[in-house]
1. Restricting to region 49-83, name every residue that is β-branched (Val, Ile, Thr) and either surrounded by fewer than 13 Cβ atoms within 10 Å (Cβ to Cβ) or in contact (Cβ under 8 Å) with a residue 24 or more places away in the chain (or both).
2. If a residue has to be closer than 14 Å to Thr29 by Cα and either touching a Leu at 6+ places or on another chain (Cβ under 7 Å) or basic (Lys, Arg) (or both) to count, how many in region 39-70 make the cut?
3. Find the residue count for region 84-96, including only residues that are under 14 Å from the mean Cα position of the chain (by Cα), under 23 Å from Gln27 (Cβ atoms) and open to solvent by 60 Å² or more (accessible area, probe 1.4 Å).
4. Being touching a strand residue (DSSP E or B) at 6+ places or on another chain (Cβ under 8 Å), open to solvent by 60 Å² or more (accessible area, probe 1.4 Å) and either within 13 Å of Ile62 (Cα to Cα) or modelled with pLDDT under 85 (or both) is the filter here, so list the residues in region 22-39 that pass it.
5. Which of the residues belonging to region 40-72 are under 13 Å from the mean Cα position of the chain (by Cα) and in a strand (DSSP E or B)?
Amino acid sequence: MPGRAEPVDSERYAGADLGLLVGANQQWTHTDAGELSIYSGGSRKCLDASGGGTSNGTAAIISSCHGGANQRWNLNPNGTITNAQSGLCLDAPWSQ
C-alpha cells in the first residue's frame, strides 16, 4: 500500500497542464515516494517518463505504477513539475 498521498493543487501547478491529461472529475495525488498517481477504473496509475527517457521531448504517459525512477516527480515551489530522474520540466507543448 502506498504511503501518504496529497492531492495536487491544480491551480498552483497549472503550468504543468496536468488537467489536459484527465477529466475534471479525476484527481492527481503526489505520494511520499514522489509518484504522481491517479485512479482509473479502480486501478492506480502513475505519470511516467516513457521508456525511462531523460532527454527533451520524452513523452509523459500514464502507466501502471512500478516504482521506477522515471515515475518520481518533484512539485517545485515555482509551480513547475520536474522529473526526479532527468530534472526536466513536465510540459504540454500543444497548450497555449
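1. Thr54, Thr58, Ile62, Thr80, Ile81
2. Count: 5.
3. Of the residues in that region, 2 qualify.
4. Within region 22-39, Gln26, Gln27, Tyr39 meet the criteria.
5. Once the filter is applied, which keeps residues that are under 13 Å from the mean Cα position of the chain (by Cα) and in a strand (DSSP E or B), region 40-72 yields Arg44, Lys45, Cys46, Leu47, Asp48, Ala49, Ala60, Ile61, Ile62, Ser63, Ser64, Arg72.
The values are calculated or read from the model by the stated rules, or taken from the named source; none is laboratory data. For clarity, every value in this text was computed on a predicted model and none was experimentally measured. Every residue, glycine among them, receives a Cβ derived from its backbone with ideal geometry; neighbour counts consider all protein chains shown. Just the protein is used for accessible areas: all its heavy atoms, side chains included, with ligands, DNA and RNA removed. Shrake-Rupley method; radii C 1.70, N 1.55, O 1.52, S 1.80 Å.
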